[in-house]
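Read the structure below first, then the notes.
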Amino acid sequence: MTTTQGRKLRAGIVGGGRGAFIGAVHRIAAEIDGEAELVAGALSADPATARANAAAWYLPRSYDSFADMARLEAARPDCIDFVIVATPNHLHAPVARAFLSAGIHVICDKPLAFSLEEAEELAGVAAREPALFALTHNYSGYPMVREARSRVRSGAIGVLRKVMVEYNQDWLMEPLDKSGHKQAEWRTDPKRAGISCCVGDIGTHAAHLLELIGGRRIESVCADLTSFVAGRALEDDANMLLRLEGGAKGTLVCSQVACGEENNLSIRLYGSAGALEWRQQEPNTLIAKPPGGAPWQLVRTGRSGLGADAAAATRTPAGHPEGYLEAFGNVYRAFIGDIRRLAEGAAPARDYPSAADGVRGLRFVAAAVRSSSRGAMWEPV
């Protein structure tokens, strides 16, 4: 493998051109630490649009298809070191498979694939190929999320009893999918999104956050999925009861028709000796709640006394808000660090969401859809 010493990593991107919010987020996150730069892309299924998008981003290399990009990049002496997959769900697995097979590292937006079967197949490819694979469950990159995880792992809240996680938005309150809105169109289309809209899009983030911080897997789910907007083929709202490993219980609520909500992701964890609360809209604060009526403690990003994991994810002095882009950047920083380690013959640390996490997410989606279709019966994950 070519050395990466003394240079920025070369990155490519598939999908994520104009009109796709997430593509620009990936680009910023990849470049935020000055460790990588975007040099190539296949930014649309339409070649003319792809070239226009590449020109708008000043990319020196544009490709008409992801297949051409994987094949031709792999043959270049200055081949990209990794590719970003920022397409609609139905293309995640084909694109990732093409680049992994070409020996190029892959970082992919979630969910992992179009279906559970496809996700399991892709995870097998990722396990066999020498190239690295990462999944951008980006909320895992927040310093206070990592602090919460460390506190639960250390036993600071005792034995976990209950977890309540929510992710509510309002952007699909109206039938945008019927009026030419590109992002709404594909997310509500079973042929491109898969079997779920709301749970697959944002519910998987909530489920991953619950398992990451709580350290307990979701064992079974009782779900009620609803499509409130008339004529919408996939659900835009979900309410679930959860049973976790070790006997803990939980609730997960996600909605894209919750009036007035923006990206309101929050989690509360209750243990036998304390509780923790974190909200994405105020990400620099973790609330620690001791028992016995003692005052709550506000734990802040950048302050002394944080665990090593949170401190390592903090970029700015205390009082300077660190948000969505920085958290996304932390996932990229860990992934880029592993690419450099591997290039120099060292073992990767793999401190970022993996293909296995993606399979977990698709199993959760499948169980939720199955449960709801059977009248909110308990289903194993």
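General remarks:
- Note on the stretch 236-360: Cα-Cα pairs beyond 25 Å make up 45% of the total pair count.
- Extension gain, D170 back to D46 (0.36 nm per residue minus Cα-Cα distance, nm): 41.6 nm
- Rg ratio (alpha-carbon, reference 2.2 N^0.38 Å) - the stretch 1-83: 1.04
- Estimated vicinal HN-Hα couplings, Hz - the stretch 319-326 in sequence order (Karplus 6.51, -1.76, 1.60; Gly, Pro = x): x, 9, x, 10, x, 4, 5, 5
- Straight-distance candidates among the lysines for linking to K162, with alpha-carbon spacing under 23 Å and chain neighbours fewer than 8 residues away dropped: K249, K289.
- Overall shape of the stretch 182-272 was characterised from the C-alpha gyration tensor. The equivalent ellipsoid obtained from it has semi-axes of 26, 13, 12 Å, in decreasing order.
- Net charge in the neighbourhood of D309 (other residues with Cβ under 11 Å of its Cβ; Lys, Arg +1, Asp, Glu -1) is +2.
- Computed from Cα atoms alone, the Kirkwood hydrodynamic radius reported for the chain is 21.4 Å.
- Fully extended contour minus Cα-Cα distance, from D68 to R374, at 0.36 nm per residue: 105.8 nm
- Taking a straight Cα-Cα cut-off under 26 Å and skipping sequence neighbours fewer than 8 places away in the same chain, the lysines within cross-link reach of K178 are K110, K191.
- Antiparallel bridges, percent of DSSP beta bridges restricted to the chain (to nearest 5): 60
- Farthest toward the positive end of the dipole of the stretch 211-302, out of L252, N239, T301, is the Cα of T301, where the dipole comes from beta carbon charges about the Cα centre.
- Approximate spin-label separation N264-F21, in nm, with each point projected 7 Å along Cα-to-Cβ: 1.6
- In this structure the amide hydrogen of M377, modeled in the peptide plane, comes within under 5 Å of the amide hydrogens of A223, none closer than 5 places in sequence on its chain.
- Magnitude of the charge dipole for the stretch 52-153, about its Cα centre and with charges confined to Cβ atoms of Lys, Arg (+1) and Asp, Glu (-1), is about 480 debye.
- Magnitude of the charge dipole, the chain, Cβ model with Lys/Arg +1 and Asp/Glu -1, debye to 20: 780
- The overall shape of the stretch 25-174 is prolate: from the C-alpha gyration tensor, with semi-axes ordered a ≥ b ≥ c, the ratio a/c is 1.5 or greater and a/b exceeds b/c.
- Using the Cβ-Cβ distance between E117 and R7 with R0 set to 30 Å, the FRET efficiency works out to roughly 0.15.
- With viscosity 0.692 mPa s and temperature 37 °C, the Kirkwood radius over alpha carbon pairs of the stretch 295-379 converts through Stokes-Einstein to a diffusion coefficient of 200 µm²/s.
- Simple spin-label estimate for A127 and A356 gives 0.9 nm between the two label positions (7 Å along the Cα-to-Cβ direction from each Cα).
- When only alpha carbons are used to place a centre, the stretch 95-113 and the stretch 172-223 end up 21 Å from one another.
- Modelled FRET efficiency - R0 45 Å, R76 with A312, Cβ distances, 0.05 increments: 0.85
Just so you know, all these numbers are worked out from the coordinates, no wet-lab data involved. No experiment lies behind these values; they were computed from the predicted model shown. Heads up, the Cβs are rebuilt from the backbone with ideal geometry, glycines too, and the neighbour counts pull from every protein chain shown.
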